[in-house]
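The next block holds one structure in the form of structure tokens; read it before the comments.
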Amino acid sequence: MGHTPRESNSVIGWREWVSLPSLGITSIKAKIDTGARTSSLHAHDIEEFTRGPGKYVRFVVTPQQRNQKVVVSCEARLVEKRKVKDSGGKETIRPVIITQITLGNKLWDIELTLTNRSEMGFRMLLGRQAIRKNFLIHPGKSFLADKNRRIKK
């Protein structure tokens, strides 16, 4: 016999609009990827620097897939560098940051790896570590968390 999902779990689709308010990204389409442990964000011009005793990373995000004119410059504290295996099995070392995410009416912190996803269909992957205990996924639906949300131009 299966167990009943908790009432607090929201149902989301296989892709959703999210925002990353700490990075100044108001709207980005994310693929919900239960096969990925960690979430990742398309970033380029990634540059590490030191501020006081801490290490930081500066990077650029183009949150809209087919619009290179919308560019967001970001900075975040560098948590670590981590080996990550991509979908093709290739290992790379990626910077890891922690940032806030909003999906539907929920706001919480997630780990994000920064990588060049220009060849991929989505600018962001939301992995299972970020969504567990908060969401149930309906694999046949899209944009369930906030049907009225669209990219702001």
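Read-outs: derived from the displayed coordinates by stated rules, not from any lab. What you see is a predicted model; the values in this text were computed from it and never measured. In this analysis, Cβ positions are derived from the backbone assuming ideal geometry, glycine residues included, and neighbour counts consider all displayed protein chains.
Taking Cα pairs under 8 Å and at least six residues apart, what relative contact order does region 35-153 come out at, in percent?
It rounds to 29 percent for region 35-153.
Would you compute, from DSSP H runs of 4+ residues alone, the mean residue ellipticity of the chain at 222 nm, taking -39500 (n - 2.57) per run and dividing by the full residue count, rounded to the nearest 500?
Computed ellipticity for the chain at 222 nm equals -500 deg cm²/dmol.
With 10 angstrom as the radius, rank K85, K29, K90, K106 by how many other C-beta atoms surround their C-beta, starting from the fewest.
Values: K85 11, K29 18, K90 8, K106 15.
Ascending Cβ contact count within 10 Å gives the list K90, K85, K106, K29.
Among T34, T62, rank each residue by its count of other Cβ atoms within 10 Å, from fewest to most, as a rough exposure measure. Show your work: numbers first, answer last.
Numbers: T34 13, T62 18.
Listed from fewest to most nearby Cβ atoms, that is T34, T62.
What FRET efficiency do you get for V70 and E91 if R0 is 25 Å and r is their Cβ-Cβ distance, rounded to the nearest 0.05?
0.20
Near K90, which aspartates and glutamates are there with a Cα under 18 Å away, not counting those fewer than 8 places off in the same chain?
D33, E119
Could you bin all the Cα-Cα distances of region 25-153 into 5 Å bins starting at 0 and give me the percent of pairs in each, rounded to whole numbers?
2, 9, 20, 23, 21, 15, 7, 2, 0, 0
Kirkwood-based Rg over Rh for region 77-120 (C-alpha set), two decimals?
With Rh from the inverse mean 1/r over Cα pairs, Rg/Rh is 1.05.
Report the calculated FRET efficiency for E80 and F49 (r = Cβ-Cβ distance, R0 = 22 Å), to the nearest 0.05.
Plugging the Cβ-Cβ distance into 1/(1 + (r/R0)^6) gives 0.90.
Just to check I understand the Karplus step: with θ = phi - 60° and J = 6.51 cos²θ - 1.76 cosθ + 1.60, what whole-Hz values come out for region 64-76, glycine and proline as x?
Once rounded to whole Hz, the list reads 9, 3, 10, 9, 7, 6, 8, 10, 10, 8, 10, 9, 7.
Go from 0 up to the bin containing the longest alpha carbon distance in region 15-68, width 5 Å each, and give me the % of pairs per bin.
Going out from 0 Å in 5 Å bins, region 15-68 shows 4, 14, 22, 23, 19, 11, 5, 2 percent.
I25's amide H: which non-local residues (gap 5+, or another chain) put their own amide H closer than 5 Å, with H modeled 1.01 Å from N in plane and none for Pro or chain starts?
Amide H to amide H, under 5 Å and 5 or more residues apart or across chains, I25 pairs with L20.
Whole-Hz ³J(HN,Hα) for each residue in region 98-103, computed from phi via Karplus 6.51 cos²θ - 1.76 cosθ + 1.60 with θ = phi - 60°, x for glycine and proline: what do you get?
Calculated HN-Hα couplings, in order: 10, 8, 7, 9, 10, 9 Hz.
Please tell me which of these pairs span more than 31 angstrom C-alpha to C-alpha: K85/K133; K31/K81; K55/K141?
Over 31 Å apart, Cα to Cα: K55/K141.
Exactly which GluC sites (Glu not before Pro) in region 59-139 are in a DSSP loop and have at most 16 other Cβ atoms within 10 Å?
Those that pass, being in a loop and sparsely packed, are E119.
Cα centroids of region 8-64 and region 68-147: how far apart, whole angstrom?
5
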